[in-house]
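Reviewing the structure listed below.
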Amino acid sequence: MLKEKIAKALREIYFISPFRRYFFYRYPYMFNPVQLMFLCQCIEKTLMIEGDRLEIGCGYGHTTVFLNKFLESSNALKPYYCIDTFCGFTIKDMQYEESYRDNSPNRYKEKFIINKKKWVDFTIRSNGLTNVKTFEADINSFNFEQNNIKKLSFCLLDVDLYLPMKAALEKVYPLMETGGIIIVDDCMPHEYFDGALQAYNEFIEKHNLPKKIVHERIGVIEKL
């Protein structure tokens, strides 16, 4: 009973604190519930396909945890890799937006910079996941072979800008097993992140793949 009273008193202190928004529940995902359900459906569709799973642009690791908890409940955990700079967009990628896509780099330089690999690793570990490995890297220069990533069944790409999305698609698609699924986030006209849509459209046209964009912004590529 004493523990409950102390916990209630602490919660009241949190509530009157100017920092209360950090102590009370806020929806943590960049995807809405329907979009998260669709990601789970795609993963479920690839459960019997050989190959590991990959996420490029994992941010703070919230979606990473959600998807792996879904896999855990399905008794289908296997290696899951995350690649992120953990410090926002690279100068090269932002400069490309300015030089070739008429987007000011000032739009991007403050986004996703309050992050560290060790914080994301802690989030993953504190949720009891041991199958997830993170890489602090720029996808433009990341070497999959050197990091022993050879076969994939599912991949979530959420890197927003044109250059990293283009690089991610070109590097990941050859690693996908037949029937594997790549999810490309932000495939929609957007003031800041329309580069993802451009890279997706160019890629499917280049490889003669069907265009499929669902739930407002989720581009889908299935390995044929």
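Each reported figure results from applying straightforward, stated rules to the coordinates on display, with no laboratory input. Predicted model, so just to flag it, every value in this text is computed and none were measured. Quick reminder, even Gly has a Cβ in these numbers, built from the backbone with ideal geometry, and neighbours come from all protein chains shown.
Please state the shape class of the stretch 162-224: rounded when a/c is under 1.5, otherwise prolate if a/b exceeds b/c and oblate if not, all from the C-alpha gyration tensor. Prolate. Per-residue ellipticity at 222 nm from helix content only, as computed over the chain with -39500 (n - 2.57) for each DSSP H run of at least four residues, stands at -11500 deg cm²/dmol.
Phi-derived couplings, Karplus 6.51 cos²θ - 1.76 cosθ + 1.60 at θ = phi - 60°, listed residue by residue for the stretch 202-212: 5, 5, 5, 5, 4, 9, 6, 9, x, 8, 9 Hz, with x used for Gly and Pro. Computed from the C-beta positions of residue 69 and residue 27, the FRET efficiency with R₀ = 22 Å rounds to 0.85. With no solvent and one point on each alpha carbon, what is the Debye value of log10 I(q)/I(0) for the stretch 124-216 at q = 0.13, 0.15, 0.16, 0.20 Å⁻¹? Those come out to -0.49, -0.65, -0.73, -1.07, one per q. Mind pulling the angle between the C-alpha long axis of helix 62-73 and the longest principal axis of the chain? Nearest 10 degrees, somewhere in 0 to 90. The two axes meet at around 90 degrees.
Sorting 72, 12 from the fewest to the most surrounding beta carbons within 10 angstrom yields 12, 72. Considering only beta bridges that DSSP places wholly inside the chain, some 25 percent are antiparallel.
On full extension of the chain, what length is gained from residue 5 through residue 212, given 0.36 nm per residue of separation minus the C-alpha to C-alpha distance?
Details: separation 207, 0.36 × 207 = 74.52 nm, distance 5.33 nm.
Additional length available on full extension: 69.2 nm.
Past 21 Å, Cα to Cα, is the threshold; run 69/133; 45/166; 45/151; 45/211 against it and keep the listed order.
On the way: 69/133 15 Å; 45/166 25 Å; 45/151 17 Å; 45/211 19 Å.
Going by Cα-Cα distance, 45/166 fall outside the 21 Å limit.
With each pseudo-label sitting 7 Å past Cα toward Cβ, what's the residue 150-residue 76 distance in nm, one decimal? According to this spin-label approximation, the distance is 2.3 nm.
One equal scatterer on each Cα of the chain, no solvent, Debye formula: the resulting log10 I(q)/I(0) at q = 0.08, 0.10, 0.17 Å⁻¹ is -0.32, -0.49, -1.27. Averaging over all projection directions, the Cα-based convex hull of the stretch 1-88 occupies 8.8 nm² in the image plane.
Taking a point 7 Å out from the Cα of residue 177 in the direction of its Cβ, the residues of the stretch 150-164 whose backbone N falls within less than 13 Å of it are 150-155.
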